[in-house]
Amino acid sequence: MLLLLAALFDAVLAWAILRMVAQARLYTGIAAPEGAVSASEPAGGWPAVTVVVPARDEADVIGPCVGGLLAQDYPGDRLRVVLVDDGSTDGTAEVARAAAGGDPRLRIVPGGALPRGWTGKSHACARGAEAAGDGWLCFMDADTRAEPALLRAAVARSLERGTGLLSLEPFQELGGPADRLVMPCGLYLLAATGDHAAVNDPGSDAAAANGQFMLFAPGAYAALGGHAAVRAEVCEDLALARLAKRRGIGFALLGAETLVRTRMYRDAAALWHGLSKNVGVLGGGAGRTVAIAAGGLLMALASLALPALAAARLAAGPWGAGDLAAAVLAFCGLFAVVGLHVAGTRHFRIPAAYGLAYPAGYALAFALAANAARLQRLGRVRWKDRTVEAPTGAAP
């Protein structure tokens with residue numbers, strides 16, 4: 001029986017790793033254009049771009065965000081930044097003004113009262129879009145930090161691909177024990193169960209997006225109905241991507257880890273509430289998300305239990321060739337799991353010890369998935385001191 005279990009574990013593990021590798025090969029990234037701004041200028045010149053940053057109590061991160069946007073190597077007369085101060089009480093607007101140093105390209109607008117049936121972020125984004133007017137429209141979160149070439153690279157790639165909506169994945173900075181434990185494990189689960197090729201295939205209904213960077217070509221945002229079309233959605237980025245694919249508006253999700261960075265959650269409480277809000281929708285529904293997280297936790301526990309059982313069987317003696325084969329398979333699986341997670345710590349630039357603590361990461365991921373399912377069943381979540389009703393995860 002132990003030999004069978006060890007063989008089954010190794011087979012599932014091999015399938016998961018091969019699928020992760022396949023997804024990584026499909027993952028396309030963008031890099032800074034070579035040469036000066038004028039050398040990479042598209043035909044017709046660089047278009048006007050307005051970056052909208054919704055912000056609610058983001059005083060500790062808004063300075064680097066605004067500073068990075070105003071330091072873009074994009075033509076200065078073609079770039080504007082609209083900060084929507086969504087009822088902040090911590091001086092977010094004042095910090096942003098100080099970071100801008102009087103740069104007239106920054107405009108700060110109040111978010112205003114939140115209408116019934118809207119999530120706070122969607123309403124703030126809609127307010128920013130109203131202030132931006134026509135042209136290229138980019139939405140970025142307040143916790144992002146852009147490298148100087150970000151907008152130039154994004155606009156150039158969008159023009160090259162003919163996308164109406166381009167979403168970029170930033171580099172995820174992990175600063176605390178909780179996010180260092182759970183975020184790599186969560187991303188492994190997404191890589192093993194997602195389908196990146198389908199996401200970027202216009203003929204597929206599969207969709208994924210990252211609301212930390214969403215770039216709309218002229219007319220695309222209005223054609224989707226803007227954030228008003230997804231006003232009640234917890235994951236408005238995913239809902240907009242689904243709408244874009246359904247309506248035949250060119251969409252792409254690409255990597256931009258060398259061009260933009262973010263730390264999504266500043267402490268364990270923010271991570272718990274933030275992921276509980278989103279993970280059920282991002283995983284394809286509460287039931288599927290819990291099943292995936294349970295599978296990850298089961299594999300993590302099995303990676304330790306099988307070698308322990310095999311070692312105990314050999315120590316008890318006498319043992320045969322089947323017992324030895326079970327031990328070899330069990331320990332090969334353990335070494336593969338440990339190697340995978342330690343390698344992940346190098347990518348995220350965190351101590352290798354977090355890779356060794358992967359069972360705790362999957363346990364936390366399962367707890368988050370279960371809590372997300374509970375909140376979906378209740379029909380409400382809380383974020384930024386607001387209650388968000390009925391997180392359906394589907395675009396209307």
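Readers should treat all values here as calculations from the given coordinates under stated rules, not as data from a laboratory. Just so it is clear, the structure is predicted and the values come from calculations on it, not from any experiment. Note: ideal-geometry Cβ built from the backbone for every residue, glycine included; neighbour counts use all protein chains shown.
Of all beta bridges that DSSP places with both ends in the chain, some 35 percent have antiparallel geometry.
Pairwise Cα separations in the chain fall into 20 Å bins from 0 onward with the following percentages, short to long: 26, 54, 17, 3, 0.
For the chain, the longest principal axis of the C-alpha atoms and the axis of helix 177-193 are separated by about 80°.
This model, with +1 at the C-beta of Lys and Arg and -1 at the C-beta of Asp and Glu, gives the chain a dipole about its Cα centre of some 720 debye. The angle between the Cα long axis of helix 120-132 and the longest principal axis of the Cα atoms of the chain comes to about 40 degrees, rounded to the nearest 10. Is any residue of the stretch 47-74 close enough, with backbone N under 12 Å, to a label point placed 7 angstrom from the Cα of residue 266 along the Cα-Cβ axis, and if so, which? Residues passing the 12 Å test: 56-64.
Within the stretch 173-199, find all residues whose amide N lies under 16 Å from a label point positioned 7 Å from the Cα of residue 24 along Cα-to-beta-carbon. So the set is 184-194, 196.
If R0 equals 56 Å, the separation of the Cβ atoms of residue 204 and residue 321 corresponds to a calculated FRET efficiency of about 0.75. Note on residue 114 and residue 187: with the Förster distance fixed at 25 Å, the Cβ-Cβ geometry gives a FRET efficiency of about 0.20. GNM remark for the chain: springs join alpha carbons under 10 Å apart, and the peak mean-square fluctuation among 207, 98, 316 falls on 316.
Cβ-to-Cβ counts within 10 Å put 324, 13 in ascending order as 324, 13, the fewest first. At full extension, residue 332 and residue 195 could sit 46.6 nm farther apart than now, given 0.36 nm per residue minus the alpha carbon distance.
Length available on full extension from residue 7 to residue 377: 0.36 nm per residue minus the Cα-Cα distance, which gives 129.4 nm.
Compared with the direct C-alpha span, the chain from residue 343 to residue 291 gains 16.2 nm at full extension, assuming 0.36 nm per residue.
Of the residues 347, 227, 273, the one that moves most in a GNM of the chain with alpha-carbon contacts below 10 Å is 347. Restricting the stretch 112-194 to trypsin sites (Lys or Arg not before Pro) that sit in a DSSP loop and have at most 12 other Cβ atoms within 10 Å of their own Cβ leaves 116.
Electrostatic bookkeeping for residue 132 treats Lys and Arg as +1 and Asp and Glu as -1; over the other residues with beta carbon under 11 Å from its beta carbon, the sum is +1. Using just its DSSP H runs of length 4 or more, each adding -39500 (n - 2.57), the chain gives a mean residue ellipticity at 222 nm of -17000 deg cm²/dmol after division by all residues. Label reach from residue 258 (point 7 Å along Cα→C-beta): in the stretch 49-88, amide nitrogens under 18 Å belong to 73-74. The stretch 303-340 to the stretch 185-221: how many Å between their Cα centroids? Taking the Cα centre of the stretch 185-221 as reference, the centre of the stretch 303-340 is 39 Å away.
Taking R0 as 25 Å, what's the FRET efficiency between residue 14 and residue 305 from their Cβ-Cβ distance, rounded to 0.05? Result of the calculation: an efficiency of 0.85. When both the stretch 2-21 and the stretch 42-76 are represented by their alpha-carbon centers, they are found 45 Å apart. Taking the C-alpha atoms only, the angle from helix 268-282 to the longest principal axis of the chain is near 90 degrees. The ranking of 77, 179, 267, 143 from fewest to most other beta carbons within 10 Å of each one's beta carbon is 77, 267, 143, 179.
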